[in-house]
Amino acid sequence: MPYRTEQVLLTLAGLAYRGFHDLLVGAPHADAVRGALLDGLHTLPPVKDEWILVWGPAASRSGPDAFDLLTFRRRQNRRVPTRYVVVIRGTNPISPSDWLFGDFWVSATVPWPYARAADGVAISASSALGLSKLQAMRSPRLELAPVPERGRRAATQDAVHAQIAQIAASWRRVAEGPTGWLQNHVVDRLKTAVSLSWMDLRPRSLGAPDESGLDLLTFLADEAHDAGEPLDVAVTGHSKGGALAAVVALWLRELLVSPEVVERWDDGRGARVACHAFAAPTPGNAAYADRIDAVLGTDHHHLRNMNDVVTRAWQVDELEQVPELYAPRRTVLEALIPVITSKVKPIDYRQARAGVTTFKGPLRGKRPFEAEFVDQHLDAYLAELGLLGKEMSALTFFF
């Protein structure tokens, strides 16, 4: 049966988690993840044998941060000959540093370089770190069709329970010192630790290929040139990947419409860029949300489960409701909420309004808080889109 766009893109966003528990770096990590991805492209119904991996996975494993980026192209056909999907992996659920830098680094912001300073448009330090890393990632151009992974073992439910236990342990470690990582002097030290070029979020020219391949922008530009017609590019991701999907989609769109941009990556062919985010926290302040609404507009899509803790970050009025979200169940996260809200309130984080669809996943009161958190953060989205089942769950995505 044909699948809707949001069903396909949630599948690709979830599939990007494969290999998150792999601790290798460089080519060995990419090879391990690539095999699992190609297996998913062959076995998961919404994408089965319909998509080709054409770039990536490109990974950042330098310092305390961790990001993965990859690009798929729909198999050539008369209906959608130039359809590309850029997928950004969400938070590594068992990496405390990824929670800390990729998600929780929100007490500092970076100006959005395509807006006027007077407009006050800004993204969180976590979002800026992610965009900076994603812009620099490189991969060879690929043409890899779906294929089953030999010797792949089916994961058991015990694997999910083990990951939930590690998530809870990560939260406890952060909660033991909830104020330390929000102090200004710590933020300054973090800037140096991750080597982020704070004002270098606006590359003006495309990078030349090297032995590691092409950056994403150069890859898309080459594809647009070879196609000779407008590309249809969707940027998608789940959780942190969803927040960064909005950032990357807006960046790519700015490079097409901003009057100050000299080099347009599609040579003026009229490429379309859309964002499809799932379960995303806010990437920036209210002014940034307004810019998403204005620049992406109807090409911005965000599916939010209001019983999902993650998508309530970092908008203060929604964050303050988290302690009662799964009441009477309690969690160590409660200790962090007052600290976080006191720091982010002056920043005025807010979700974009254009293209947002909300729902409430059903709660199961007998589950521990952490198990409810995991279910509401992924499986509830699959259920909402009619995908949840034996072949499609957190278990089949993550392992």
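Is there a residue in region 354-375 that is of a type in the set (S, T, N, Q) and either more than 26 Å from residue 5 (Cα to Cα) or crowded, with 22+ Cβ neighbours inside 10 Å (or both)? Scanning region 354-375 turns up no residue that is of a type in the set (S, T, N, Q) and either more than 26 Å from residue 5 (Cα to Cα) or crowded, with 22+ Cβ neighbours inside 10 Å (or both). Here region 376-388 is the region considered, the condition is being part of a loop (DSSP other than H, G, I, E, B) and on the phi < 0 side of the Ramachandran plot, and the residue that is surrounded by the fewest Cβ atoms within 10 Å (Cβ to Cβ) is 388. Report the residue count in region 266-280 for those that are out of contact with any Pro (no Cβ under 7 Å at 6 or more places or on another chain) and surrounded by 24 or more Cβ atoms within 10 Å (Cβ to Cβ). Number satisfying all stated conditions: 7.
Evaluation of residue 293 against the conditions (1) out of contact with any Cys (no Cβ under 9 Å at 6 or more places or on another chain); (2) outside any helix (DSSP H, G or I); (3) modelled with pLDDT of 95 or more; (4) not β-branched (Val, Ile, Thr) shows that the sole unmet condition is (2).
Return a yes/no flag: does region 335-349 have any residue that is part of a helix (DSSP H, G or I), of a type in the set (S, T, N, Q), in contact (Cβ under 8 Å) with a residue 24 or more places away in the chain and surrounded by fewer than 21 Cβ atoms within 10 Å (Cβ to Cβ). Looking through region 335-349, at least one residue is part of a helix (DSSP H, G or I), of a type in the set (S, T, N, Q), in contact (Cβ under 8 Å) with a residue 24 or more places away in the chain and surrounded by fewer than 21 Cβ atoms within 10 Å (Cβ to Cβ). For region 305-319, taking the residues that are without any contact (Cβ under 8 Å) to a residue 60 or more places away in the chain, in contact with a helix residue (DSSP H, G or I) (Cβ under 6 Å, 6 or more places away or on another chain) and among the charged types (D, E, K, R), the one that is farthest from residue 244 (Cα to Cα) is identified as 318. Against the list (1) over 30 Å from residue 257 (Cβ atoms); (2) modelled with pLDDT under 95; (3) crowded, with 16+ Cβ neighbours inside 10 Å, the condition residue 328 fails is (3).
Among the residues making up region 256-279, those that are over 11 Å from residue 295 (Cβ atoms) and among the aliphatic types (A, V, I, L, M) are 261, 262, 271, 274, 277, 279.
For region 335-380, a tally of residues being aliphatic (A, V, I, L, M) and in contact with a strand residue (DSSP E or B) (Cβ under 8 Å, 6 or more places away or on another chain) returns 6.
The values are calculated or read from the model by the stated rules, or taken from the named source; none is laboratory data. Everything numeric here is computed off the predicted structure, so don't read it as measured data. No Cβ is skipped: glycine too gets one built from the backbone with ideal geometry, and neighbour counts run over all protein chains shown.
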